[in-house]
Structure formats: structure tokens, C-alpha cells
Amino acid sequence: MIMETFDKAIVDLINSQAFSRGLFEINEQFYYLKQEMHIRDLLVRSLNKTLNDTVAIAEYPRGYVRANDKSALNLSRRDIGLFALTKEGFDIKAPIYSVEIKFHYPLDLFARELDQLGQTIHHTEDLEKLCSDWNREICDNQTNCLVLIICERDWLEFASVSAAANRDCPIDLSQEHSSLRKQLATYITGADCDFNRALRTSIKSPSNVTPDASTRYTFLVLFRKSTRVDETQE
């Protein structure tokens, strides 16, 4: 029951007007950056305002893990850990729930035709990192939730970043390209499945860029306990 409570809290927060306002503020200040850490911190603040007897902390828990049997031990960390608060405080090595957050542009992961996962070296590296982070154990626990953010932007011709082809690609993973979404979930988990939620929102781009530009975010949410889609929402 505890897991379901946190699952619902994350979905409700991403769907909230307050979270949309936070995205707008992030996009106003950090339009040209990958916003993974900024959105992570927004989610941490939102969780701490919402949850009772629980504290959300960024970049915890931490622990030493091996990428494979032959690799050296390296310090690894979870993007967000949720810890139960008691009179004595909380145990930083014993999360009751944890979240991994990833931020990508469409063609970081998908072929330009949007009919399959990408197969170039850079695609493979990004896809394998998603799979690795989903399966990685820290403090003897795998993550409970993956929040994968796919960002689309109306890049301007005069912008210095407009030449980055992987950023300028409209995609609808909630409906039109749902089969691509399922391919991605299956790749990450190694099982025939889909993301539990596909939440899509559009934010007006900064006024100093252009009044007509927009930034669209798709939040693909995957919970460990389930391998079926409960619902997709716009």
C-alpha cells in the first residue's frame, strides 16, 4: 500500500498546476539546457510539501556498485530517495521509495522516422544507460520509479543550438507513437510491457525567444511493481 501511495503522489504532482508553473519558471531561466536536475529539484520540493512523515532528498541513497563483474566499485546514487521520518530522524541508507529521473530529446533515443529505437552508437549509449539505471541496485534495492522526460522544442533558425538535429523533432508518445513508447519500455525492463503513465504538457517558451515558440514535455512514468499501462493522459 505504501508503494501505491507514492506512485499516486508522483503522478498527481506531475499533473498539478503548481508543477506546470514550476516547469514554466525552469524553462524561462534554462531554456537552452537539459533540465534534468532542475526538474528533479522541483519534484523534490513538491514531494516535501505534499508527503507526511516522509522526507525527499536528492542524490540519495548512495552506495558503491559495479557496472559489471569485472569493473571496479564506483560511488553511485539515486536521483531521489524518500525516507521515513521518526522521532530519531531517518536512516539515509534505508529509503522506503526511490526515483530515477532522465531527460532526453526525441532523437536521443529514437530513429528519425520514429518507427523504432535508434541504432547508432549515441542511441545505444543512451538506451543502455536507461536500462542500467533501472536495474542498478543501491543499498540492496532497485529503484521503484523511473521518470523519463522527453522534451520537444520549437527551435529557432537563428539559435546556436538549432543545428542539433536530435532536438527538433515533434513526437506524440501518448497516442500517435504509442508503439514506440512500448518498444522503449520493453527495452528498459527486458519484459513485454509499457509505461504506467504518459503525461504530456506544453509550456510557453520564454518571451525573449519568441512569443510563438513552445516547449512540450512528455513524462513517461514506469513503476517497478507493474508491467501494464494503467492509463495514458494528455
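Here, each number is a calculation from the coordinates, and none is a lab measurement. Bear in mind that the values here come from a model prediction, so they are computed numbers and not experimental data. Here the Cβ is made from the backbone with ideal geometry for all residues, glycine too, and neighbour counts use every protein chain on show.
Phi angles of the stretch 108-118 translate, via the Karplus equation with coefficients 6.51, -1.76, 1.60 and θ = phi - 60°, into HN-Hα couplings of 5, 10, 10, 5, 4, 6, 6, 10, 6, 5, x Hz per residue; Gly and Pro are given as x.
Test of the criteria: in the stretch 11-118, which trypsin sites (Lys or Arg not before Pro) are in a DSSP loop and have at most 10 other Cβ atoms within 10 angstrom of their Cβ?
When the trypsin sites (Lys or Arg not before Pro) of the stretch 11-118 are filtered for loop state and at most 10 Cβ neighbours within 10 Å, 70, 87 remain.
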